[in-house]
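The block underneath contains the structure these notes are about, expressed in structure tokens.
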Amino acid sequence: MSRSVEFSQTSLILHLDGLTSVAALKRQVEIPYSSIKGVSIEDFKVSLLRFRVGTSIADIREGRFMLTDRWSFISYENHKDVVVLQLNNHEFENVVFQISNPEEIQGKILQHITKLGDS
């Protein structure tokens, strides 16, 4: 898979490599833990007809998509079991991405945002 997640001290960084970064027109998305208001694993299907800056072919979605009045960043080849981050005070309303171990990533994100709330 051409996506990886880095957990820094203060933020989650979604790295995109190879053709995924070309299709999404972005190499990484950085999200401060303080901006994450929710994390879930969902079936997140986006219509081919949505306004976008990026790529939509078959079930592939890569790039920025206007789903409401704000942009969402989406990166997947299969809309099932993707990680969905709901955000506050960020350029994106949501960041949605496919990764091989979504439950593990969700757990790590929850640990980081819980730690933030405890401090």
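Brief remarks follow.
- For the stretch 99-105, the Karplus equation 6.51 cos²θ - 1.76 cosθ + 1.60, evaluated at θ = phi - 60°, returns couplings of 8, 5, 10, x, 5, 5, 5 Hz by residue, with Gly and Pro reported as x.
- Each residue was assigned an accessible area with a 1.4 Å probe, and for Ser4 the value is about 50 Å².
- Surface share of carbon and sulfur [accessible, 1.4 angstrom probe, percent] for the chain: 50 percent
- The magnitude of the dipole of the chain, with charges of +1 and -1 set on the Cβ of Lys/Arg and Asp/Glu and taken from the Cα centre, is near 280 debye.
- Within the same chain, lysines fewer than 8 places from Lys115 are excluded, and of the rest, those with a Cα less than 17 Å from its Cα are Lys37.
- Whichever aspartates and glutamates have a C-alpha closer than 16 Å to that of Lys108, once near sequence neighbours (fewer than 8 apart) are set aside: Glu6, Glu30, Asp118
- Per residue, the chain exposes an accessible area of 53 Å² to a 1.4 Å probe, with every protein chain left in place.
- Within a Gaussian network of the chain (alpha carbon springs, distance under 10 Å), most fluctuating of Leu85, Leu25, Leu16: Leu25
- Largest accessible area first, the residues Ile74, Ile60 order themselves as Ile60, Ile74 under a 1.4 Å probe with ligands, DNA and RNA left out.
- For Arg70, solvent-accessible area (1.4 Å; no DNA, RNA or ligand), Å²: 80 Å²
- For the chain, calculated [θ]222 nm from helices alone, where every DSSP H run of n ≥ 4 adds -39500 (n - 2.57): -6500 deg cm²/dmol
- Taking all Cα pairs closer than 8 Å and separated by 6 or more residues, the relative contact order of the chain comes to 23 percent.
- Range of Cα positions in the stretch 1-78 per principal axis (Å), largest first: 37, 29, 20
- Loop-resident chymotrypsin sites (Phe, Trp or Tyr not before Pro) (DSSP state other than H, G, I, E or B) in the stretch 59-116 with no more than 10 further Cβ atoms inside 10 Å of their Cβ are absent.
- Annotation for Leu116 and Met66: the two label points, set 7 Å from Cα along the Cα-Cβ direction, are 2.8 nm apart.
- Where chymotrypsin sites (Phe, Trp or Tyr not before Pro) fall in DSSP loop in the stretch 6-61, at most 15 other Cβ within 10 Å: Phe51
The values are calculated or read from the model by the stated rules, or taken from the named source; none is laboratory data. Keep in mind it's a predicted model, so treat the numbers as computed, not measured. Here Cβ is always computed from backbone atoms with ideal geometry, including for glycine, and neighbour counts include all displayed protein chains. When the accessible area is computed, the model is the full protein with side chains, heavy atoms only, and any ligands, DNA or RNA have been set aside. Shrake-Rupley method; radii C 1.70, N 1.55, O 1.52, S 1.80 Å.
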